[in-house]
Amino acid sequence: MALDWKQTSQWWYGRFTENARSKLVNLGIKIIGTRPESINAIGPGVDARFILSRGKALQEHDRLRDEIRSRSNLQEVQQKIIELKTGGRMESVKLVDLPEAWARIPRRRDPGADYATYCKTTLGRFAAFMAEKWRGVDDLASVSRDHVAEFMEAETGRGVAPKTWNETLKLLRRIFRHYQPEADAYRRYLTSTPSRQVETVFRKPFSPEELRAILAAAQRDEFIRPIIVTGICTAMRRGDVCLLKWADVDLARGFISVKTAKTGAPVSIPIFPLLNNELKKRTVNGSGYVFREAAEMYQKNPYGIGWRIKKVLTVAMQGDDTGTVRPPEPSPAETRAKGIAYIEGLNGTPKAQRMNAVFNAYLDGKSGPEIAAEQGTSKASVSAYLNEIEANIGCRFLRGRPMGESWAALEKSNKAQLLATRETGRRRASVRNFHAFRTTWITLALNAGVPLEVVRRVTGHTAAEVVLKHYYRPDEEAFRQALQSVMPALMTDGAKSRDERLREAIARMTPRTLKRDIAKALAILDGT
C-alpha cells in the first residue's frame, strides 16, 4: 500500500491490495503547488503547498488502508461462519457484476424480459451509486447497512413510487440472501426494513366500442394486430402472447393450453372466432412460435412491442387512423442505453460495428452528412441505420421531424385516455395498456354471469380475491344492473333490468309511436 500519482491527473491516488488484487484508488485530494521530480521529495526547494496536499493525501490513504484491513478481517470471519454452516466458502461478487450475478441465481422459471431488464438496470444503478459515493467499496461483501440505507434514501429522492421502492428493496434482499446471507447489510437493514404502503391505481377496462376502435386502428399493422387480437380474446399477458407456441394451440378442439410465465399456473382458454380467424392466417414455422417476429423482438427488446401496442391504443383513443405517429421521446441516457442494447444484439457483425459508430456520433450532436464523411459511408446508409434503431427500440431520437408527426405531440393531446395521475411516483400510472385487455376480458366475463371459477381457469389466478380486487372493474351502470337483477323486488321496488325494459319498449312500438319509442329505447340504453 502506497501513495501514488498520475502525471496526467491533478488528484492523489492510493495503491492498495485487497483479495490478492492491486488497485489504484482516487483519494479525492487534489495535488496543489508545483510537483517535484520525486513523490517523496522534501527540503527547502519543495513547494510548501505540495507538501501540505501530500500530507492530507497520506491521511486519507491511511484511513482507507485501515478500512480495507478491517473489512478483510470481517470478511474472513464471515467466511468462517458460512463454512461452518454450509461446508463451503461463499462466492465473492463485484458490484459491477451484480446484473450478471443476479441472472445466475437458480430459479424455477426464467424471469420475463421486462422484469429481467428492470432488475439488471436497478442493480447497475446500485453499483454506479456505490462507485460514486463510496470509493473502495467494490464487492458485495463490503457493503454495509449504511450503504444500502443511503441508496434507498437516494431512490426516495428520485421520486420513485412506493411499489418501485418495494421492488428495489426485494431485489436487494434476494441478491444478498443468495450471495451474502451473513452480511451486515442483509441482517441489519434489508431483513428489518418494512415495505412501504402502495397506492393502487387500477387499469381501466375497454368498452366494446373502444375494442372495435382498437381493432380498426390495428388493421394495417400486420406485426402487432395478431398480438392485440390474442390479448383481447384470451386475457393472456403480453409476454405469454408473444411467446405462444404452436404446441400449446389446438385448433381442432378450439383451445389454448399453456402455463403462464409469471406464476407457472396452467390455463385453458377457448379460442373465439375472432382469434381463430387470425390464427388460421398464420403458418407453422421452424421456431415453433405462433408469432415468430414478435417472439424475437420480445426476447431482444420488449420495449419495441410496448410502443407498437401503445401506438395503436393512442390512435384508437384519439379517433385518428392516419397511423403517422412516432415512438415516445425518453431521456438521452435511456435512448443511448436502449440503442446500444439493440446493436449488441446483432452479435458484433460488421454492420453492427458501423451502426454503433453512427448511432453514438449522432447522439453526440453530429449531423448525418458529418457522420457520413467521418465514417466513409453514404448519407443513405447513415439514415437507414438510425431509422432501424429508432424503429426497434421504441425511442424517438431523430431530429428535424415536424411536431405534428411525433408520437409526443399526439400522446400529449390525449394523455388522460391512457394515463392516470399518482399521488407519488416519478411517472403517471398506465391504466390503458396491453394488460388492460386482461382487465377487460375479466370484467366482461363476470358481468355476463360467467362463474368466477371459470374465469380463474382462463386467467390462472389462484385467489378469487385477486381477480375481484385488481381485475373486475365494472362501470356504474353495469354494477347497478348486476346487483338489481338478483335483488328481491322489495329492495328494488320491482325495478326491471335494462334489457327487460328495452325489450318491452321495442315490443310496444307501432308505426304511430315509432319516433317516440325509439327515443325511449335510446334513453334506456344511455341509462337515462
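Every read-out reported here was derived from the displayed coordinates using simple, explicitly stated rules and does not represent laboratory data. The model shown is predicted, which means the values in this text are computed figures rather than measured ones. Glycine gets a Cβ as well: all are built from the backbone with ideal geometry, and neighbour counts include every protein chain shown.
Using a cut-off of 13 Å between beta-carbons, work out the net charge of the residues near residue 367 (Lys and Arg +1, Asp and Glu -1, residue 367 not included).
0
With each label point set 7 Å from Cα along the Cα-Cβ vector, what nm distance links residue 192 and residue 380?
6.8 nm
Can you quote the Å³ per residue value for the convex hull of the Cα atoms in region 175-274, rounded to an integer?
Numbers: hull volume 17.6 nm³, N = 100.
Looking at region 175-274, the number lands at 176 Å³ per residue.
May I ask for the percentage of alpha-carbon pairs in region 332-400 that lie more than 17 Å from each other? Before the final figure, lay out each step's value.
On the way: 756 of 2346 pairs.
Summing the P(r) tail past 17 Å for region 332-400 gives 32 percent.
Take region 231-312, drop everything but the C-alpha atoms, weight them equally and run the Debye formula without solvent; then report log10 I(q)/I(0) at 0.12, 0.20, 0.22 Å⁻¹ to two decimals.
-0.34, -0.99, -1.18
Modelling each spin label as a point 7 Å along the Cα-to-Cβ direction, I'd like the residue 2/residue 58 distance in nm, to one decimal.
1.5 nm
Compute the distance in nm between two label points, each set 7 Å from the Cα along the Cα-to-Cβ direction, one at residue 349 and one at residue 252.
The answer from the label model is 3.9 nm.
Along region 283-295, what does the Karplus equation 6.51 cos²θ - 1.76 cosθ + 1.60 (θ = phi - 60°) give for ³J(HN,Hα), rounded to whole Hz, x for Gly and Pro?
10, 5, 10, x, 6, x, 7, 5, 10, 4, 5, 5, 4
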